Amino acid sequence: MVGPTLLVLAAGKGNRYGGVKVIEPVGPQGETLLEYSLYDARKAGFARIVFVIRRDMDRAVRETLGARLVRNFAVEYVYQDVMRIPWGFQVPQGRSKPWGTTHAVLTAASQLREPFAVINVDDFYGAQSYSALARYLQAGTNDCAMVGYVLRNTLPEIGPVARGVCQLDEKGFLKGIIEHKNVERQGGHAVCVDAAGQEMKLSGNEVVSMNMWGFRPEVLKAMAERFENFLKSQGGDPNSECYLPNTVHELITEGRMRVKVLPSADSWFGITYREDHARAIQTIHHMIEAGYYPRRLWA
């Protein structure tokens, strides 16, 4: 059986970070955060990677990651470009950035021939999450999947973040995602600000989405239709983006997709701001010391 493909969304400009996060070293031999995720993915059964990148990133990504990865994966690259939109639509004046994460997935559609997972390049998801998703994608079901994290396992020690809290039905399928802003730790719990601006207490046990998905190639047609609807309604806005969670929610609501939520006890962390880089180095160091990873990752 052919293993599932891992689609890595890496075309973001990293404005809040101030650099190309995908090539920033965090390991003792210069390994990037993504490489530790790919190490977990390889053990779980993912043998092929498709990178979605910008053209101006191509040389840096290939020179930094390519040589180390080709010994362990089949690697392909596609470019997410603002001009890659369906025939009949136009790019509005003043728009320079691509159209969001749904557009990123569709950019790679011709390379997605088998079940595939989608991850963000700057997020660390944990070995259990890759194993659960790989098993599900190879189980033969027609349903899609999303890895669901425990809220408290995704919160930084200090500072607010945005989190999408999931609504599940009685069989563990996703019904919807409610975005909460300014979520932060408070003792053994968490607090956030709701849509009305009121502070709300959370238990910390809520299931949240960190944008780790599993899809079948058959859903790409439905995604493309939703993207065209987005272009019709919001394509004239030079700053609008078609986000993957919104597309999934629309397809669930229309009854065109079912998404099984796979619970994970892993801790998630990511690199969004410059100060996150030092925390990532420290976390990876502790995991190496604990025996989760070898000191030379690809030796």
Restricting the stretch 160-185 to residues that are without any contact (Cβ under 8 Å) to a residue 60 or more places away in the chain and more than 21 Å from Y243 (Cα to Cα), which is surrounded by the fewest Cβ atoms within 10 Å (Cβ to Cβ)? E170
When (1) surrounded by fewer than 19 Cβ atoms within 10 Å (Cβ to Cβ); (2) in a helix (DSSP H, G or I) are applied to M223, the one that fails is (1)
Quickly run through the stretch 223-280 and pick out the residues that are within 18 Å of A104 (Cα to Cα), of a type in the set (F, W, Y) and within 18 Å of the chain's Cα centre (by Cα). Y243
Please go through the stretch 186-220 and give me each residue that is in a strand (DSSP E or B) and either of a type in the set (S, T, N, Q) or touching a residue at least 40 places away in the same chain (Cβ under 8 Å) (or both), ordered by number. Q186, L202, V207, V208, S209, M210, N211, M212, W213, G214, F215
Residue in the stretch 121-159 that is nearest to T32 (Cα to Cα), counting only those that are surrounded by 17 or more Cβ atoms within 10 Å (Cβ to Cβ) and without any contact (Cβ under 8 Å) to a residue 60 or more places away in the chain: L155
Listed residues I281, I288, I252; which is of a type outside the set (S, T, N, Q), under 20 Å from A117 (Cβ atoms), part of a helix (DSSP H, G or I) and in contact (Cβ under 8 Å) with a residue 60 or more places away in the chain? I252
Which condition does F46 not pass, out of (1) free of Cβ contacts under 8 Å to residues at least 60 places away in the same chain; (2) touching a Leu at 6+ places or on another chain (Cβ under 6 Å), if it passes all the others? (1)
Condition test on V20, is it closer than 26 Å to H286 by Cα, surrounded by 14 or more Cβ atoms within 10 Å (Cβ to Cβ) and modelled with pLDDT of 95 or more? no
With the condition kept exactly as written, say whether any residue in the stretch 36-44 is of a type outside the set (D, E) and in a strand (DSSP E or B). no
Take the stretch 49-81 and flag every residue that is free of Cβ contacts under 8 Å to residues at least 12 places away in the same chain and within 16 Å of P98 (Cβ to Cβ). D56
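The values are calculated or read from the model by the stated rules, or taken from the named source; none is laboratory data. Since the model is a prediction, treat every value here as computed from it, not as a measurement. Because the Cβ atoms are built from the backbone with ideal geometry, glycine has one as well, and the counts that use them run over all protein chains shown.
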